[in-house]
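Take a look at the following structure, please.
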Amino acid sequence: MVPVPRPPAQLRLPVCLHLPLPRLLRSLAAALVALLLLLPLSACAGNSQPPRGVLLTALALQIQITQEAIAQALELEPNVEARPQVSRVRVAEQQAVSIGEARGLRLAGQFDWRLSGDPIRIDSPFEIYLQRGERGESWRLARPSGSPDGSTQAWLTYPLPLQD
């Protein structure tokens, strides 16, 4: 029978780790907490994507503007009670663009929507342009409106309500 080695009764740490271990752990814990506090701040600074509520409101406004334009083209009264309800927004692309003299974002992806009172939910692709307000507190929906001279893009912008 071969003897099985026994684990030592007590784990011995090198002498250099006996005394400073609590201080070392406190220093490591403090560094970890500082890192965890800084990560969310740096992540927000680099992320220029608008909040979800802004995107939902902008998509609903874009649907409403399109419905009004179609009703006007067909010489119909717009249905003001049929407000679009937007959900499940999935952004697939995001890029910075120039909107007139200001900076903006082009977002593209998929979203679900339906008109209030309508049980049918529609999954649709989207491409939307958003412009951040001057102080960075608000957003505007931007829509290309053609070019008066053929060389520059003109834009129509619509303010979006401030999000809480």
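Collect the residues in the range 124-148 that are in a strand (DSSP E or B) and either free of Cβ contacts under 8 Å to residues at least 12 places away in the same chain or hydroxyl-bearing (Ser, Thr, Tyr) (or both), keeping them in residue-number order. Before you say what the answer is, go through the steps one by one.
Residues of the range 124-148 in a strand (DSSP E or B): 124-132, 139-144.
Listed by number, the residues that qualify are SER124, TYR129.
Here's something else I'd like to know. Do we have VAL54 as assigned to a helix (DSSP H, G or I), at negative phi and in contact (Cβ under 8 Å) with a residue 12 or more places away in the chain here?
In short, yes.
Quick check, is ALA82 over 24 Å from GLN153 (Cα atoms), assigned by TED's automatic domain parsing to the domain that holds ARG140 and either among the basic types (Lys, Arg) or over 12 Å from the mean Cα position of the chain (by Cα) (or both)?
Here the answer is yes, as ALA82 does meet what is asked.
Within the range 91-123, count every residue that is outside any loop (DSSP other than H, G, I, E, B), touching a residue at least 12 places away in the same chain (Cβ under 8 Å) and exposed (fewer than 12 other Cβ atoms within 10 Å of the Cβ).
Qualifying residue count for the region: 4.
Testing SER145 on (1) modelled with pLDDT of 90 or more; (2) under 28 Å from GLU81 (Cβ atoms), one condition comes back false. Which one is that?
(1)
Just give me the residues in the range 149-164 being under 18 Å from VAL97 (Cβ atoms) and not in a loop (DSSP other than H, G, I, E, B), in sequence order. Reasoning before the result, please.
So the first thing to find is which residues in the range 149-164 are under 18 Å from VAL97 (Cβ atoms), and the list is 151-158, 160.
Once the filter is applied, which keeps residues that are under 18 Å from VAL97 (Cβ atoms) and not in a loop (DSSP other than H, G, I, E, B), the range 149-164 yields TRP155, LEU156, THR157, TYR158.
If a residue must be free of Cβ contacts under 8 Å to residues at least 12 places away in the same chain and surrounded by 11 or more Cβ atoms within 10 Å (Cβ to Cβ), how many such residues does the range 77-90 contain?
So the count comes out to 1.
Provide a single number: the residues in the range 74-90 that are outside any strand (DSSP E or B) and of a type in the set (D, E, K, R).
4
The values are calculated or read from the model by the stated rules, or taken from the named source; none is laboratory data. Please read these numbers as outputs of a predicted model, since none were measured by experiment. FYI the Cβ positions are ideal-geometry reconstructions off the backbone, even for glycines, and counts take in every protein chain you see.
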